[in-house]
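**Student:** Pasting a structure below so you can have a look.
Every number in this text was worked out from the coordinates using simple rules, so none of it is lab data. Keep in mind that what you see is a predicted model, and the values were worked out from it rather than measured. With ideal geometry, Cβ positions are generated from the backbone for all residues, glycine too; neighbour counts draw on all protein chains shown.
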Amino acid sequence: MPALPKKKLLRLYHDMMLTRMFEDRLSKLYRQGKILGGLYLSTGQEAIPVGTCAHLREDDVISPVHRDLGAFLIKGIEPRFLMAQILGKETGPSKGRDSFLHAGSKRLGIIPPTSILASTIPIAAGVAFAFKVRGEDSIAVSYFGEGGSNRGDFHEGLNFAGIHKVPLVLVCENNKYAYSTPVEKEMAICCVSYRAESYGFEGVTIDGNDIFAVYDAMEKAVEKARNGGGPTLIECMTYRIKGHSEHDEAKYQPAEEKEEWKQKDPIARFKKFLTESGHLGESEEQDIIDKIASALDEAVKFAEESPFPPGEDALKHVFATNEEP
Amino acid sequence: MPALPKKKLLRLYHDMMLTRMFEDRLSKLYRQGKILGGLYLSTGQEAIPVGTCAHLREDDVISPVHRDLGAFLIKGIEPRFLMAQILGKETGPSKGRDSFLHAGSKRLGIIPPTSILASTIPIAAGVAFAFKVRGEDSIAVSYFGEGGSNRGDFHEGLNFAGIHKVPLVLVCENNKYAYSTPVEKEMAICCVSYRAESYGFEGVTIDGNDIFAVYDAMEKAVEKARNGGGPTLIECMTYRIKGHSEHDEAKYQPAEEKEEWKQKDPIARFKKFLTESGHLGESEEQDIIDKIASALDEAVKFAEESPFPPGEDALKHVFATNEEP
Amino acid sequence: MPEITMVEAIRLAMKEEMERDESVMVIGEDVGMYGGAFRATEGLYQQFGPNRVVDTPISESAIVGVALGLAIMGFRPVAEIQFADFISCGFDQIVNQTATLRYRTAGDMFAPMVIRAPSAAGVHGGLYHSQSPEGWFAHTPGVKVIVPSSAYDAKGLLKAAIRDDDPVIFFEPKYLYRRAKDDVPEDDYVIPIGKANVLQEGDDVSLITYGSMVHHCRSALEKLEAEDLSIELIDLRSIMPLDKETIYASVKKTNRVVLAYEDHKTLGIGAEIAALLSEELFEYLDTPIVRVAAPDTPVPYSPPLEEFYLPKEEDIVKAVHKVIEY
Amino acid sequence: MPEITMVEAIRLAMKEEMERDESVMVIGEDVGMYGGAFRATEGLYQQFGPNRVVDTPISESAIVGVALGLAIMGFRPVAEIQFADFISCGFDQIVNQTATLRYRTAGDMFAPMVIRAPSAAGVHGGLYHSQSPEGWFAHTPGVKVIVPSSAYDAKGLLKAAIRDDDPVIFFEPKYLYRRAKDDVPEDDYVIPIGKANVLQEGDDVSLITYGSMVHHCRSALEKLEAEDLSIELIDLRSIMPLDKETIYASVKKTNRVVLAYEDHKTLGIGAEIAALLSEELFEYLDTPIVRVAAPDTPVPYSPPLEEFYLPKEEDIVKAVHKVIEY
Ligand SMILES: Cc1ncc(C[n+]2csc(CCOP(=O)(O)OP(=O)(O)O)c2C)c(N)n1
Ligand SMILES: Cc1ncc(C[n+]2csc(CCOP(=O)(O)OP(=O)(O)O)c2C)c(N)n1
Ligand SMILES: [Mg+2]
Ligand SMILES: [Mg+2]
């Protein structure tokens, strides 16, 4: 448990708050009609990207999905660039070419998500295999929801990873729903972690709303992966507090259930610990919030002032031969 | 164990011998150049289709694959029609339109295999779901190799079957190889049956060369499926005595390994039991063999004398609108 | 006759067919209680229950495969793929299992099923919520492919698809879901598969199109009205089978052809039509056949990019001028 | 210069590229110790070891996905799909992940990888060992598609594909694996992607083809020799990108076109070529463009059916007569 230095604790807290506050801004921008297409938020799930990415190095590679905004930030995309991405601007990593979090970075080690759920799992297995072939101790981390774990690519990707014992950590965000579909209709078992056994490696189920549980489980998995021990599946139990996307009222999520989980908010919970243990004073907290707020102000300003890409750029980057000169 | 009446025991023996002798004929026909394309034999694996299909009714539906010749026969395709199928003749179930065992029958409840391994698993799940929706007590049985179990369709099909508790029995023929690839390179676990747990139902691993073990396991699984208990995965451990196909010398299968498994031949083993227990006398056995031999003579004659389909039939049966009038 | 939207017409078609025929089922992600991502199946679960309206996990391959199993057993499943962009995940089940079943069993077994999927761009969906995959399937023997352009057609065509004894892929331009509105009869009518719709008769140019492009063609025609041109506007409705009869009759009359489609230009259905015409109606062609289509790139997200990407009214006007002035 | 078969040439290309460039890897089912179903990778495992020649389970989607991951990390994987007919199982990984990577990252990431697969019919393979899937991929922006017709070309084109910074799908007509034999240089040469090969110059008809049909076209030409016709025979080699320059130059000269391909007629690459010509070279066309292709049915197994199905020498002769006598 939390034998972590204060600095590290506050970094985790900062990253969770950054994620939450970033998404709150997005929610506002969405209501202002400035975000086109779907907006999928991770409210209540912030401990997962934050607690896992905390262990990664720049040379590690992640493949996040749609509810992993925090992972993009922690892995190094600056808030303003991510904001520009989400607003479809030229200054975002995809230069406005794809929507929302569909942003990658070769330098920062981020495989861009596509909408096709679970499809990045075999790709991440390939990345991890590359590290193994080269004898490097970098690792790959693949994120996915419990819903995505039902696609064939999950099976094929994990099977390959298990056979070759590649340095891959699989982070399942089990938030009880896939869009409107409750987990009982997605699978006949309680826990995605059971599935790891089919591939010859360990699966664990942890409390995904407990930053320490996430941090600790990831620490072990990363160490194992770096040392040739092969993959681990970490299933983080959590809950989707908001609807599937901002336009989804999610009436199918029972009010009591939602209420119950609001009580388990990972940020409030962590804050309570930090305050009670004397790691976080009121002014310190205000400081963190203020800094994030002004960073976000700047990010929104940057993104809003950034130009859209020129239309004719639509024809670029299909092949190397039509790259910019 | 074998509390089976003599008649039943001899029927099982007959069906195993029929499979073996049918395939031996095919092997000859292949060497005579009369079978075009690949020929995949089940030598040494005969107990699996025979012991499982023994429990099926006409209204049950099977989806066999390439090493399940016995299943086609037991489910009711007459030897001569199956022989005609394999020779590409007009009188085979596919009317020469597809190769080898790619033959189905709506009446007999046989989903035709395609080469795409594991693809028939979701289809069989759909068939079983149909029985459930209709409230019927028929069941579906899906066959596949341990190699095919690594495809995404296995995962998606079993997951659906588990959620809906459909009356489906999954029969995995684990013969240690997928073409040249040994099982250790196909998966990081010993047993495909472990995978059933990922879908919330039971998986068992049995000796697939022991007709009684197969018969018993299937009996339980069928009863469970018929009574609303949902799917079971039965993994039958066996060994591919011949090469992947008749043109494959299979040098990658170690000679000692092959020798060891030849000792475990399911037919010899069953015969020993039948003889020692006084169920099968020498003349009785000769009788069985003679009858099969003459049935096969007739089948080969029929198939060889059957015409090939006329070329222009290639254009038929794409849509209902170009069916025969 | 109430005016309803395309998505309502689609829902109505399913509802009526399910009432008419017990074997019709609906299967897909979130199609049950929730009523589907676009609400196309709203109310069906409540009316017909969980045995006929089936929620599935995220498993496009199983959705198609299970539907095929049901179809083999005599049901008429209508499978929904949440976005056409994800149909790639069920590709093998469609092309190798479903499309071939009748052929490889010499007619003994067949697959009376429909695969519905919201397709095409214009709603800022980016690469994965904007695709027009009809070209792949028009190239695949054994499946029929439909793209409606109006609420009225959507209802009649979907009913025809459900009653068809062969697999039909039914792409619904999501751009039109709520934009296309018609007076749609509440009673039963069917629009035959494989019949194009001549929306406007004319003598100078055959403008052949389908899906949301029908609407862009219509507004192009308005622009062209002042010019005293007589344009025949044809809505294909069925991409496969193509209504060669209607197309050929039109081209024999006009001798000039513009093909407008939102799919990629290369090997979109317009390529096949142009090839057919250049093979079978060569002597009737007075001018080059002009294609107005999307470029051979993925569908980009940002508004100026998507705008640039999509074939537009002005492109159609230009193409018409080109063949007229040739 | 030894005479070797196409499959040997393919093996040689991989071997040489693996020797030249450490980042080249081979991955697929049975490609290791066994050397591949058609022995195309024989000896590579022994020479380069398990880190560079990787056996996989039966998982076509993972084969492509893992290869893509490797490509992102700077490797140049050559993935083998055991038969082209199974490429449908990896379809999403190809069209939605691989083909789009460069586009959606605005060039930051890309996928220098090759997907090899034995394709096409003529060996009694039936529905699932005979397909020509190139049409689907030629319609998919972001992948290149190659089909060689000779051992010499196979080596040079595969080397070009391996060195290409974009994904290339390399279909190998298995009918030619051992039938096509050439004197193939043992040293390094590359045939550029996107360049067609004029196999015979001529003035009367442009006969445009690729893959095994090249051989049927050649024998048709022998039949036609007595008739004093001057036929230009073009082997496309690259289906995508198409060598418009060579095609157009030829058609401008001959003014008559026959397109021969083994893929289904509807929306096979011949459709695109016909459409391009009818759009861009209209005034040069003296006759209808005739397509000789496989019908829109699956590929049947039984010898008379497959024989009927496949486009043949005599069909080509007929088509040439048709345009000549028009
Ligand atoms: C292959 C595929 N099928 C369907 C969808 C549509 N879709 C987007 S998100 C989603 C639910 C995902 O559930 P889960 O994986 O549990 O992630 P969560 O949204 O709960 O975080 C669905 C069905 C998709 N994007 N990709
Ligand atoms: C999707 C797919 N990939 C590859 C193949 C080629 N292939 C045919 S049989 C076979 C091995 C199958 O192994 P397994 O499933 O264990 O069955 P077995 O042959 O051992 O009975 C392979 C790789 C195929 N038919 N389908
Ligand atoms: Mg979820
Ligand atoms: Mg096997």
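**Student:** List the residue from chain A whose beta-carbon is nearest to the axis that rotates chain A onto chain B, together with that distance in whole Å.
**Tutor:** For the rotation taking chain A to chain B, the closest Cβ gives A:G152, 1.
**Student:** With a point put 7 Å past each Cα toward its Cβ, work out how far A:A250 is from B:D290 in nm, to one decimal.
**Tutor:** With each label point 7 Å from Cα toward Cβ, the separation is 7.7 nm.
**Student:** I've got another one for you. Taking the Cα centre of the range D:197-325 as the origin, how large is its charge dipole in debye, to the nearest 20, when only Lys and Arg (+1) and Asp and Glu (-1) carry charge on their Cβ atoms?
**Tutor:** So the dipole magnitude of the range D:197-325 works out to roughly 200 debye.
**Student:** Have a look at the DSSP beta bridges in chain B and tell me what percent are antiparallel, nearest 5.
**Tutor:** Of those bridges, close to 10 percent are antiparallel.
**Student:** So, how do all the Cα-to-Cα distances of the protein assembly as shown break down into 10 Å bins, in percent, from 0 on up?
**Tutor:** 2, 9, 18, 23, 22, 15, 8, 3, 1, 0
**Student:** Residues in the range B:1-41, backbone N under 18 Å from the label point at B:K272 (7 Å along the Cα-to-beta-carbon vector): list them, ranges by number please.
**Tutor:** Only B:2, B:13, B:17 fall inside the zone, counting backbone N under 18 Å.
**Student:** Which of A:Q253, A:Q45, A:Q85 moves the most in a Gaussian network model of chain A with Cα springs under 10 Å?
**Tutor:** Among A:Q253, A:Q45, A:Q85, the largest mean-square fluctuation in the Gaussian network model of chain A belongs to A:Q253.
**Student:** At 7 angstrom along the Cα-to-beta-carbon line, where would the label on C:P185 sit relative to the other copies? Give the distances in nm, shortest first.
**Tutor:** Distances to the matching label points in the other copies: 7.2 nm.
**Student:** Let me ask you something else. Label points 7 Å out from Cα along the Cβ direction at A:R57 and C:E280: separation in nm?
**Tutor:** 6.5
**Student:** Of A:K89/A:K272; B:K132/B:K220; B:K220/B:K258; B:K28/B:K220, which sit over 28 Å apart, Cα to Cα?
**Tutor:** From A:K89/A:K272; B:K132/B:K220; B:K220/B:K258; B:K28/B:K220, over 28 Å: A:K89/A:K272; B:K220/B:K258; B:K28/B:K220.
**Student:** Summing +1 for each Lys or Arg and -1 for each Asp or Glu, what net charge is found among the other residues whose Cβ lies under 9 Å from the Cβ of B:Y239?
**Tutor:** +3
**Student:** Find, to one decimal place in angstroms, the Kirkwood hydrodynamic radius of the range B:1-65, where the mean of 1/r is taken over every pair of different Cα atoms and then inverted.
**Tutor:** 13.6
**Student:** Calculate how steeply helix D:244-254 sits against the longest principal axis of the alpha-carbon atoms of chain D, using the helix alpha-carbon long axis, and give the answer as 0 to 90 degrees to the nearest 10.
**Tutor:** Its long axis makes an angle of about 20 degrees.
**Student:** Using +1 on the beta carbon of Lys and Arg, -1 on that of Asp and Glu, and nothing else charged, what's the dipole of the range A:1-137 about the Cα centre, debye to 20?
**Tutor:** Result for the range A:1-137 is approximately 340 debye, rounded to the nearest 20.
**Student:** Taking beta carbons within 10 Å but only from partner chains, what does the mean come to for residues B:127-137?
**Tutor:** Other-chain Cβ atoms within 10 Å of each residue's Cβ, averaged: 4.
**Student:** Give me a comma-separated list of calculated 3J(HN,Hα) values for the range D:108-113, in order, Karplus coefficients 6.51, -1.76, 1.60 applied at θ = phi - 60°, integers in Hz, x for any Gly or Pro.
**Tutor:** In residue order, the calculated couplings are 5, 10, 8, 10, x, 9 Hz.
**Student:** So for each of D:61-67, C:289-295, C:87-93, B:51-57 I average, over its residues, the number of other beta carbons within 10 Å; can you give me the resulting order with the highest mean first?
**Tutor:** D:61-67, C:87-93, C:289-295, B:51-57
**Student:** Near D:D204, within a Cβ-to-Cβ distance under 9 Å, what is the net charge of the other residues, with Lys and Arg +1 and Asp and Glu -1?
**Tutor:** Once positives and negatives cancel, what remains is -1.
**Student:** Hey, how many Å between the Cα centroid of the range C:77-98 and the Cα centroid of the range B:296-323?
**Tutor:** Measuring centre to centre over Cα atoms gives 31 Å.
**Student:** Another question about this same structure. Restricting to the protein assembly as shown, what percent of DSSP beta bridges are antiparallel, rounded to 5?
**Tutor:** If we restrict to bridges inside the protein assembly as shown, about 15 percent are antiparallel.
**Student:** Shifting gears a bit: Which of rounded, prolate or oblate describes chain B when judged by the alpha-carbon gyration tensor and an a/c cut-off of 1.5?
**Tutor:** The shape class here is rounded.
**Student:** Enter the mean number of other protein chain beta carbons within 10 Å of the beta carbon of each residue in A:294-300, as an integer.
**Tutor:** Across the residues of A:294-300, the mean count of other-chain Cβ atoms within 10 Å is 0.
**Student:** Within 10 Å of each candidate Cβ there may be at most 16 other Cβ atoms; applying that plus a DSSP loop requirement, which chymotrypsin sites (Phe, Trp or Tyr not before Pro) in the range A:60-166 survive?
**Tutor:** none
**Student:** Something else now. Got a sec? Charge dipole of the protein assembly as shown, +1 on Cβ for Lys and Arg, -1 for Asp and Glu; which of D:H215, A:G96, A:I77 is way out at the positive end?
**Tutor:** The one lying farthest along the dipole's positive direction is A:I77.
**Student:** Rg to Rh for the range C:193-326: what is it, with Cα atoms only and Rh by Kirkwood?
**Tutor:** Radius of gyration relative to Kirkwood radius: 0.95.
**Student:** Sticking with this one: What is the average number of partner chain Cβ atoms found within 10 Å of a Cβ in C:142-154?
**Tutor:** 1
**Student:** Taking the Cα centre of the range B:1-90 as the origin and placing charges on Cβ (Lys, Arg +1; Asp, Glu -1), which of B:H55, B:L9, B:G37 is farthest toward the positive end of the dipole?
**Tutor:** It is B:L9, whose Cα lies furthest towards the positive end.
**Student:** Quote the FRET efficiency, to the nearest 0.05, computed for C:D183 versus C:S219 with a Förster distance R0 of 25 Å and r equal to the Cβ-Cβ distance.
**Tutor:** Using R0 = 25 Å, I get an efficiency of 0.75.
**Student:** Still on this model: Residue by residue through the range A:143-152, what is 3J(HN,Hα) from phi via Karplus (6.51 cos²θ - 1.76 cosθ + 1.60, θ = phi - 60°)? Round to whole Hz and write x for glycine and proline.
**Tutor:** 9, 6, x, 5, x, x, 5, 8, 7, x
**Student:** Please sort by residue number the chymotrypsin sites (Phe, Trp or Tyr not before Pro) in the range C:184-256 whose DSSP state is loop and whose Cβ has at most 14 other Cβ atoms within 10 Å.
**Tutor:** C:Y189
**Student:** Helix D:60-72 against the longest principal axis of chain D: what's the angle in degrees, Cα atoms only, rounded to the nearest 10?
**Tutor:** It is inclined by approximately 70 degrees.
**Student:** For the range C:144-162 and the range B:170-223, what is the separation of their Cα centres, given in Å?
**Tutor:** If you average the Cα positions of each part, the centres end up 45 Å apart.
**Student:** Hey, what's the Cα Rg ratio for the range A:181-325 versus the globular rule of thumb, 2.2 N^0.38 Å?
**Tutor:** 1.50
**Student:** So what is the 222 nm mean residue ellipticity for chain B from helices alone, if each DSSP H run of at least 4 adds -39500 (n - 2.57) and you divide by all residues, rounding to the nearest 500 deg cm²/dmol?
**Tutor:** The per-residue figure over chain B is -13500 deg cm²/dmol.
**Student:** Moving to a separate point now. For the range C:289-326 and the range A:28-52, compute the distance between their C-alpha centroids and round to whole Å.
**Tutor:** So the separation of the two Cα centres works out to 34 Å.
**Student:** Separate question: Can you show me the helix-derived [θ] at 222 nm for chain C, built from DSSP H runs with n ≥ 4 at -39,500 (n - 2.57) apiece and divided by the number of residues, rounded to the nearest 500.
**Tutor:** -10000 deg cm²/dmol
**Student:** Mind giving me the nanometre distance, one decimal, between the label points for B:E312 and A:K262, set 7 Å out from Cα along Cα→Cβ?
**Tutor:** Modelled inter-label distance: 7.5 nm.
**Student:** Further, regarding this structure: Which angle from 0 to 90°, rounded to the nearest 10, does the C-alpha axis of helix D:213-224 make with the longest principal axis of chain D?
**Tutor:** 30
**Student:** List every residue whose amide H lies under 5 Å from the amide H of A:I77, counting only residues 5 or more places away in sequence or on a different chain, with H placed 1.01 Å from N in the peptide plane.
**Tutor:** Counting only residues 5 or more places away or on other chains, the set is empty.
**Student:** Based on Cβ point charges of +1 for Lys and Arg and -1 for Asp and Glu, what charge dipole magnitude is obtained for the range D:3-183 about its Cα centre, in debye rounded to the nearest 20?
**Tutor:** The dipole magnitude comes to about 120 debye.
**Student:** Can you give the three extents of the C-alpha atoms in the range C:3-183 along their principal axes, from longest to shortest, in whole Å?
**Tutor:** Here the spans come out as 44, 35, 30 Å, largest first.
**Student:** Okay, moving on. Exposure proxy check: B:I234, A:I110, D:I4 ranked by fewest other beta carbons within 10 Å?
**Tutor:** Ordered from fewest to most neighbouring Cβ atoms within 10 Å, B:I234, A:I110, D:I4 come out as D:I4, A:I110, B:I234.
**Student:** Got a sec? How would A:E285, D:E245, B:E156 order by Cβ neighbour count within 10 Å, fewest to most?
**Tutor:** By the 10 Å Cβ count, ascending, the order reads D:E245, A:E285, B:E156.
**Student:** Please report the antiparallel percentage of DSSP beta bridges with both residues in the range C:197-325, rounded to the nearest 5.
**Tutor:** 20
**Student:** Sort A:H14, A:H244 so the one with the fewest other Cβ atoms within 10 Å of its own Cβ comes first.
**Tutor:** By the 10 Å Cβ count, ascending: A:H14, A:H244.
**Student:** Can I ask one more? Using only the alpha-carbon atoms of the range D:27-106, report the extent along each of the three principal axes, biggest first, to the nearest angstrom.
**Tutor:** Principal-axis extents of the Cα atoms in the range D:27-106, largest first: 39, 28, 17 Å.
**Student:** Which pairs break 31 Å Cα to Cα here: A:K185/D:K144; C:K144/C:K265; C:K15/D:K265; B:K165/B:K251?
**Tutor:** A:K185/D:K144; C:K15/D:K265; B:K165/B:K251
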